[in-house]
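First the structure, in the form of structure tokens, and then the observations on it.
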Amino acid sequence: MQPDKIYSFEELLDEQGSLVWRTTGRSMRPLIRQGKDIIVVTKPSGRLEKYDVILYKVKNEYLLHRILEVHDGYYTVAGDNNTFLEKVTDEQIIGVMTAFKRGGKDYDLNSRKYRFYTKNWCGRFKLKCAVLKPPRAVRRGLSRVYHKIFKNR
């Protein structure tokens, strides 16, 4: 690697075989916390499975979301903290998360605790939406009221 060159995730995966970094964004909370947890992503080998966490690219943006449904030619994905679904094709996928670390501790993606989380939080998408949407609607409403009162003076 050249020290002054900026590499894309695709180039790093091709050259080093894996990516290790701290993520930004909140779409994968509560599993992955922005700026605190470290994830490891490797190139996928073959067709991916339900509940795999994938790194994919849309336009010039990299996203890390979980596969909720596997279809012929595409996957239905969502962030663990999202209430909307997206379609992702195999061509958009760059890598798959193979490990993550929190507070110096490695987490096993095959552990019972992790599988329980994926099936009961991520696998019940409609229930998750019912839990997440009302508090967000209240926050949006309060924010609008605040801005009308304090920002429009």
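Restricting attention to the stretch 1-39, report how many residues are surrounded by 15 or more Cβ atoms within 10 Å (Cβ to Cβ), out of contact with any Gly (no Cβ under 8 Å at 6 or more places or on another chain) and under 15 Å from Ile93 (Cα atoms).
Going through the stretch 1-39 one residue at a time, the tally reaches 2.
Just to be sure before I move on: is Thr118 in a helix (DSSP H, G or I) and under 15 Å from the mean Cα position of the chain (by Cα) in the structure I sent? First the steps, then the outcome.
Details: in a helix (DSSP H, G or I): yes; under 15 Å from the mean Cα position of the chain (by Cα): yes.
In short, yes.
Cβ-Cβ distance below 7 Å, separation of 6 or more or different chains: which pairs start in the stretch 48-71 with a residue that is under 13 Å from Thr98 (Cβ atoms) and end on one that is part of a loop (DSSP other than H, G, I, E, B)?
Ile54/Leu48; Leu64/Thr23; Leu64/Met28
List pairs: first in the stretch 96-117 and among the acidic types (Asp, Glu), second surrounded by 13 or more Cβ atoms within 10 Å (Cβ to Cβ), Cβ under 7 Å, 6+ apart or cross-chain?
Matching pairs, first to second residue: Asp106/Ala99; Asp108/Tyr114.
Looking for something acidic (Asp, Glu), surrounded by 15 or more Cβ atoms within 10 Å (Cβ to Cβ) and not in a strand (DSSP E or B) - is there at least one such residue anywhere in the stretch 88-105?
No, the stretch 88-105 contains no residue that is acidic (Asp, Glu), surrounded by 15 or more Cβ atoms within 10 Å (Cβ to Cβ) and not in a strand (DSSP E or B).
Give the number of residues within the stretch 6-56 that are modelled with pLDDT under 95, touching an Asp or Glu at 6+ places or on another chain (Cβ under 9 Å) and in a strand (DSSP E or B).
Summing the residues that are modelled with pLDDT under 95, touching an Asp or Glu at 6+ places or on another chain (Cβ under 9 Å) and in a strand (DSSP E or B) in the stretch 6-56 gives 1.
Taking the stretch 61-84 only, how many residues are under 18 Å from Gly35 (Cα atoms) and either more than 10 Å from the chain's Cα centre (by Cα) or part of a strand (DSSP E or B) (or both)? Write out each step before concluding.
Initial filter on the stretch 61-84 (under 18 Å from Gly35 (Cα atoms)): 61-65, 79-81.
Narrowing the set further to residues that are either more than 10 Å from the chain's Cα centre (by Cα) or part of a strand (DSSP E or B) (or both) leaves 61-65.
Summing the residues that are under 18 Å from Gly35 (Cα atoms) and either more than 10 Å from the chain's Cα centre (by Cα) or part of a strand (DSSP E or B) (or both) in the stretch 61-84 gives 5.
The values are calculated or read from the model by the stated rules, or taken from the named source; none is laboratory data. All values reported here derive from a predicted model rather than from experimental measurement. In this analysis, Cβ positions are derived from the backbone assuming ideal geometry, glycine residues included, and neighbour counts consider all displayed protein chains.
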